[in-house]
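Here's the structure we're looking at; comments come further down.
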Amino acid sequence: MTGYWVSVVTEDWRWRMFPNKGDYAGVPLNPEGRRVADGWDPGKDQAAGEECKAYGTPGIMRIPGRFHITWQDDQTLKIEADAGTQTRLLHFGNLQNQGEGWQGASKAEWQILPTGGRGNAVASQPGSLKVVTTKMKAGYLRRNGVPYSANAMLTEYYDVVTEANGDTYLVLTSKLEDPTYLTEPMVTAAHFKKQAGAAGWKPSPCVAR
Amino acid sequence: MKTVALMLGLFVLGQEPQAPLGPLVNGMDFSGSWQPARYQDSGLGTAAGALVDYGGISLNDASRLYALSWPASRQTVKQQQCMGYVPPYFWYAPGNYRIWEDRDPFTQRLVAIKFYGQIAQGERTVYMDGRPHPPAYAPHTFTGFSTGKYDGNILTVTTTHLKRGWVRANGVAQSDEATVTEHYVRHEDIITIFGVTNDPVFLSEPFTKTSIMLRQPKDPDGWLYACDDSEQILGRKNDYVPSHFFGQNPSVQEYANKNKVPLLGALGGAETMSPDFLAKVSEAAGADAASRAKLLPSGSQQASRAKDPTPNDGEIHVLHVAGNVYMLTGDGANIAVQTGPQGAFLVDTGAGKLSDKVIDAVRKLSAKPIQFIVNTSFHPDHIGGNAKLQASGADPSLTGSFFSNQFTDAGQGATIIGHQNVQTRMEKQNPPAAAPPSDTYFEDRRRKYHNGEPVEIFPLQNAITDGDSIVHFRKSDVIATGDIFTTTQYPFIDVKNGGSLQGEIQALNFILDRTVYVHDEDGGTMIIPGHGRVTDEWEVAEYRDMLVIIRDRVQAMIKSGATLEQVKAARPTADYDVRFGATTGPWTTDMFVEAVYQSLTGLTGLTPKK
């Protein structure tokens, strides 16, 4: 998974590229969630120093941009996003006082496909990376004020596939559970193409709008 | 002993012998009932998707023109009403889905994984037993031919032999040259499908996209999708296909304006999939100019990017089509062979370069000699093998009959049947072509009951030439069309020899009046084209639609006084050239446009049909 990855924006293109206020199609918002989304005021976020509300964990991976994934240490995988200059830390060990920022606390584990039942001749096979993130500051799912709350929990699965022509993609499946603003878990996916290097890597500050 | 050692060696390497058991595969279990999650790409499922919403799709210029000329009313055309869904679009439909395994009952080895989608009742078989994909000249379907393999927890499925379908059902097409790779991974009760579409015809680079399926805890009741095409607008002629002329789509700005999206983005293209696109549209004037340039044909004329499915390897290849009918390919035009208790019945004889191999192939299919040959045309790639194939056969219906006393050669050799104009034009050549039809007709159908089925021969004049015919094997339900329909090029309308665009369109409609599909434009009556791969009615209808659309474009230009050169310069075929065009060779796009122009202006020597 390590290296530079670029968003391939084919899912939710309109909402990721050109989000508009009140356009929350597809998001299972409850009435309170819609009320908050309809009241979005980016100027107010700017004034409050909360320009990064759309760059928290539930939103950052869907913002078009580039991502740099490295090992910070043996137990911590680091994901840097150039959009908003954000850093996520995925902890394979026990969580200790992490969290409560935009990126919350992320616990990671490799999921190994088990051998299965009796008589199975095939050994355990590599699986996905599972990441569960909690303790996030309330923020936005999209850059148009569609909200998630501090009660939200995000479960992510990362898988890598390589095509016959050598193109390698990181496929991210996300399940967001938020009893405050969502009527049901919201499951989405996004994907990223691996880059040979840092071409296009342009860290930029958060923008409220 | 060597055999034992070899087998041990294979097992040590983990490579089990594949026959007859097939490979031992196992992996993630995807079985169950599923439904698509609707949290992303809201509104883009099934027949939805706003007009001119192409953002995030790597469509090329030709594909964009194709989409811009597509009005939603195209779906009123009979054959468009029940079209199936190609993967990966297959997974975007809103209905119920089921996945299950097909295992050998005796070994319990995994033979295939099956996908069923309620919308269009599409059933996909993903073979897991290592079998190869069919040859290029085999039929295509909406679900294609799929093989799969496990890689860790991921199932990778490769699909070929797809029909023309949708990338998005708002006119963004996926061509019949597309191949699709899908990666399936299951997490708890979620399946993520990552599709990679490679389409040399309509995409500038691979189109990649995810879709999500959620497991349904209870098996639903609704699994069927009743679709039966019918007349939608009374009195409409069967050569009417709705389309927008280039640059005249009235909905171009609608989606962009409504959603505050730059038109350059709404028009799509590979650049719109990149984060860097946001910087490009920040300069509004430049973006507007760039978007306007995308609404009309530009750049140089394109040639087809489709591979010729004919092997052209010096061998004759045989494909069972249906019932008693086979297709022989590899020597010029395709040859249809019907077999049974009587002598073989052939349609066309190819170019004549591989006639001995054609005769050998027929002998393997039929214990009896060739009895009848129908020539669908006098063109040399259809009649080149007449002499040899006729000589190899016999027509026992004549030998010893009343007539045999009048002709010394009665029954010696196969009987060649064709339109009178085929005979006339072959005899008028200098030197005369060998073995012209001896059994001819003019306007009425010829019919025979041969090899246990009715066989009808229909003259369809003034399509490719003035001597065209098609042959319908009614019980096998196979139609050999000659060059009236091909999958490889624009129709070779031979204006000098009586061909015309309107005759060609009428001939295609005649064929479509005789075809019946099994379900949702798949299967049923099978078509052996003059050149290219076996099809069913879908491809014939698509070909007809294309010709009607091109006709209407050229006709409109003629009405406004355009000369032939002006028509050519406007590139009225720009959206189809990437599939059927040629810039070199015996039948170029320019020649085709000339034939269209001449047909419509009456410069053919014929009176254009109204």
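The values are calculated or read from the model by the stated rules, or taken from the named source; none is laboratory data. Predicted model only: the values in this text are computed from it and were never measured. With ideal geometry, Cβ positions are generated from the backbone for all residues, glycine too; neighbour counts draw on all protein chains shown.
A few remarks follow.
- Some residue of the range A:87-101 being in contact with a Pro (Cβ under 8 Å, 6 or more places away or on another chain) and either at pLDDT below 95 or of a type outside the set (Gly, Ala, Ser) (or both): no
- With respect to (1) in contact (Cβ under 8 Å) with a residue 60 or more places away in the chain; (2) more than 15 Å from residue B:157 (Cα to Cα), the lone exception for residue B:113 is condition (2).
- Single condition residue A:198 does not satisfy, out of (1) assigned to a loop (DSSP other than H, G, I, E, B); (2) at the interface with chain B (Cβ under 8 Å from one of its Cβ atoms); (3) among the small types (Gly, Ala, Ser): (2)
- Residue B:261 being among the aliphatic types (A, V, I, L, M), within 12 Å of chain A (Cβ to nearest Cβ), more than 30 Å from residue B:187 (Cβ to Cβ) and in contact (Cβ under 8 Å) with a residue 60 or more places away in the chain: yes
- In the range B:172-198, the residues that are more than 10 Å from every other protein chain (Cβ to nearest Cβ) and more than 15 Å from residue B:156 (Cα to Cα) form Cβ pairs under 8 Å with partners that are buried (at least 23 other Cβ atoms within 10 Å of the Cβ) and among the acidic types (Asp, Glu), at six or more places apart or across chains, as follows: B:174/B:199; B:175/B:199; B:176/B:539; B:177/B:199; B:178/B:199.
- Scanning the range B:335-361 for residues being free of Cβ contacts under 8 Å to residues at least 40 places away in the same chain and assigned to a loop (DSSP other than H, G, I, E, B) gives a total of 4.
- Residue B:202 vs. criteria away from chain A (no Cβ under 12 Å) and modelled with pLDDT of 95 or more: yes
- Residues in the range B:479-498 that are in a loop (DSSP other than H, G, I, E, B) and under 15 Å from the mean Cα position of the chain (by Cα): B:483, B:484, B:485, B:486, B:487, B:488, B:489, B:490, B:491.
- Residue within the range B:221-240 that is at the interface with another protein chain (Cβ under 10 Å from one of its Cβ atoms) and either assigned to a strand (DSSP E or B) or out of contact with any Pro (no Cβ under 6 Å at 6 or more places or on another chain) (or both) present: no
- Matching option when the condition is farther than 19 Å from residue B:242 by Cβ, at pLDDT below 95, of a type in the set (D, E, K, R) and surrounded by fewer than 24 Cβ atoms within 10 Å (Cβ to Cβ), among B:104, B:41: B:104
Every residue, every condition in (1) closer than 17 Å to residue B:327 by Cβ; (2) over 20 Å from the mean Cα position of the chain (by Cα), yes or no:
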position: B:440; (1), (2): no, yes
position: B:443; (1), (2): no, yes
position: B:462; (1), (2): no, yes
position: B:470; (1), (2): yes, no
position: B:477; (1), (2): yes, no
position: B:500; (1), (2): no, yes
position: B:517; (1), (2): no, no
position: B:520; (1), (2): no, no
position: B:527; (1), (2): yes, no
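- Considering the range A:11-67, the qualifying helices (runs of 4 or more DSSP H), each wholly inside and each with 1 or more residues that are of a type outside the set (Val, Ile, Thr), within 13 Å of chain B (Cβ to nearest Cβ) and crowded, with 22+ Cβ neighbours inside 10 Å, run over A:13-17, A:57-60.
- Among the residues of the range A:1-10, the ones that are closer than 24 Å to residue B:89 by Cβ and either part of a strand (DSSP E or B) or aromatic (Phe, Trp, Tyr) (or both) come to 1 in all.
- Residue satisfying all of: in the range B:234-252; closer than 14 Å to residue B:69 by Cα and among the polar types (S, T, N, Q); surrounded by the most Cβ atoms within 10 Å (Cβ to Cβ) among these: B:243
- Residues within the range B:219-229 that are modelled with pLDDT under 90 and within 25 Å of the chain's Cα centre (by Cα), tallied: 4
- Filter result for the condition that a residue is modelled with pLDDT under 95, not in a helix (DSSP H, G or I) and not basic (Lys, Arg), over B:605, B:561: B:605
For (1) assigned by TED's automatic domain parsing to the domain that holds residue B:518; (2) free of Cβ contacts under 8 Å to residues at least 40 places away in the same chain; (3) out of contact with any Ser or Thr (no Cβ under 7 Å at 6 or more places or on another chain); (4) in a loop (DSSP other than H, G, I, E, B), each residue gets a yes or a no:
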residue	(1), (2), (3), (4)
B:332	yes, no, yes, yes
B:363	yes, yes, yes, no
B:368	yes, yes, yes, yes
B:377	yes, no, no, yes
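- Test: residue B:58 is of a type in the set (S, T, N, Q), surrounded by 23 or more Cβ atoms within 10 Å (Cβ to Cβ), touching a Ser or Thr at 6+ places or on another chain (Cβ under 7 Å) and not assigned by TED's automatic domain parsing to the domain that holds residue B:332: yes
- Counting only residues that are farther than 17 Å from residue B:533 by Cβ and either among the hydroxyl-bearing types (Ser, Thr, Tyr) or in a loop (DSSP other than H, G, I, E, B) (or both), the range B:142-175 holds 10 of them.
- Residues of the range B:205-220 that turn out to be of a type in the set (Lys, Arg) and either crowded, with 18+ Cβ neighbours inside 10 Å or at the interface with chain A (Cβ under 10 Å from one of its Cβ atoms) (or both), as a count: 1
- Pair list, Cβ < 8 Å and 6+ apart or interchain, from the range B:268-292 residues that are more than 10 Å from chain A (Cβ to nearest Cβ) and on the phi > 0 side of the Ramachandran plot to residues that are assigned to a helix (DSSP H, G or I) and surrounded by fewer than 16 Cβ atoms within 10 Å (Cβ to Cβ): none
- Checking B:302, B:342 one by one, the residue that is polar (S, T, N, Q), surrounded by fewer than 24 Cβ atoms within 10 Å (Cβ to Cβ) and closer than 24 Å to residue B:582 by Cα is B:302 and no other.
- Which numbered condition residue A:144 misses (of (1) surrounded by fewer than 21 Cβ atoms within 10 Å (Cβ to Cβ); (2) in a strand (DSSP E or B)): (2)
So that you can scan it fast, the table gives a plain yes or no per residue for (1) in the same structural domain as residue B:418 (by TED's automatic domain parsing); (2) in a loop (DSSP other than H, G, I, E, B):
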position	(1), (2)
B:279	no, no
B:289	no, no
B:306	no, yes
B:309	no, yes
B:327	yes, no
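- When residues of the range B:116-133 are limited to those that are touching a residue at least 40 places away in the same chain (Cβ under 8 Å), not aliphatic (A, V, I, L, M) and not in a strand (DSSP E or B), the one nearest to residue B:98 (Cα to Cα): B:118
- If you go through the range A:155-177 and keep only what is in contact (Cβ under 8 Å) with a residue 40 or more places away in the chain and closer than 21 Å to residue A:33 by Cα, you end up with A:174, A:176.
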